[in-house]
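Derivation of every value follows stated rules applied to the coordinates shown; laboratory data play no part. Just so it is clear, the model here is predicted, and its values are computed rather than measured. Here the Cβ positions follow ideal geometry from the backbone for every residue, glycine too, while neighbour counts run over all protein chains shown.
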Amino acid sequence: MRILILEDDKAIGASIAEALELAGFIADRETDGEIGWYRGETEGYDAIVLDLGLPTLDGLTLLKRWRKAGVTTPVLILTARGSWEERVEGIDAGADDYLPKPFQIEELIARIRALVRRAAGQATALLIAGDLTLDTRQMRIAVAGRPVALTPQEYRLVAYLMHHQGRVVDQEELVEHLYHQDFDRDSNSIEVLIGRVRKKLGPQAIETRRGFGYVIGADAP
Ligand code: CA
């Protein structure tokens, strides 16, 4: 799950990024409105944290442009405390959630988790596919009730496929959602990663659809 943070206050942006990474997300940061707009329009993010006061292009205009261009990525806006007008305007412009500054980082993370989940059609924080369970709050994965220790990258892979369970996900999409933008996209790292996860979760956990991609929970009701 990859999140874009658009925040021109570098200290706030860095603390959000750090907390998101600790919560199992990949976090990319931008401080400029126009550049952020471009990245949000051209890259596959699972959610976006958007500060409204940004240089070169303000957050509200930017959000309206994304929505007009058909970008449906969930957006959480950071607003000024007490400014209900700003929140109403933001939601009307296409924001999915908001948080007034200053905020508790734990609340921001919980809201991002919920946005990502809902966008993927998952209603609760505990995801289940066959005998595989993923607790998104604890970042814990279990097979038939037995906890399995995964590296952060292995966790991100399983989390992405569990969020999109039943759907075949190709390599390109996995790379886009599991790695930072500067990652070398020519490598065969997804195959290697899949192999490592199968060793830990069992060979049946992730199904390969040759020529198409990978799927978890294809036969789930
Ligand atoms: Ca700002």
Can you tell me the equivalent ellipsoid semi-axes for region 1-126? Use √(5λ) from the Cα gyration tensor, largest first, whole Å.
19, 16, 15
Could you give me the radius of gyration and the Dmax of the chain, taking only the C-alpha atoms into account and expressing both in angstrom?
17.8, 53
By the mean-Cβ-within-10 Å protection proxy, highest first, 43-53, 170-180, 57-67, 195-205 rank as 43-53, 57-67, 170-180, 195-205
Going down the table (K64/K101; K101/K200; K68/K101), which pairs top 30 Å between alpha carbons?
K101/K200
Kindly provide the Kirkwood hydrodynamic radius of region 99-164 in Å, to one decimal, from all pairs of distinct alpha carbon atoms.
12.7
Taking Cα atoms only, helix 33-42 is inclined relative to the longest principal axis of the chain by an angle, in degrees rounded to 10, of 30
If the chain between I105 and S83 were fully stretched, how many nm would it gain, using 0.36 nm times the residue separation less the Cα-Cα distance?
5.9 nm
Of 30-36, 144-150, 159-165, ordering from highest average Cβ density within 10 Å down gives 159-165, 30-36, 144-150
Segment R67-A142, length gained on full extension (0.36 nm per residue, minus Cα span):
23.2 nm
Taking the alpha-carbon distance from K199 and a cut-off under 18 Å, which aspartates and glutamates remain once sequence neighbours fewer than 8 residues away in the same chain are dropped?
D131, E154, E191, E207
Take every Cα-Cα distance within region 126-215, group them into 10 Å bins from 0 onward, and report for each bin the whole-number percent of pairs it holds.
16, 55, 27, 3
222 nm mean residue ellipticity, helices alone, for the chain (DSSP H n ≥ 4; -39,500 (n - 2.57); rounded to 500)
-12500 deg cm²/dmol
Which angle between 0 and 90 degrees, to the nearest 10, do you get for helix 59-68 versus the longest principal axis of the chain when only C-alpha atoms count?
60
Using θ = phi - 60° and the Karplus form 6.51 cos²θ - 1.76 cosθ + 1.60, what ³J(HN,Hα) does each residue of region 154-159 get, whole Hz, x for Gly and Pro?
5, 4, 4, 4, 5, 4
Could you work out the relative contact order of the chain, using alpha carbon pairs under 8 angstrom and six or more residues apart, expressed as a whole percent?
17
Using modelled backbone amide H atoms (1.01 Å from N, in-plane), which distant-in-sequence or interchain residues come within less than 5 Å of I77's amide H?
L50, D96, D97, Y98, L99
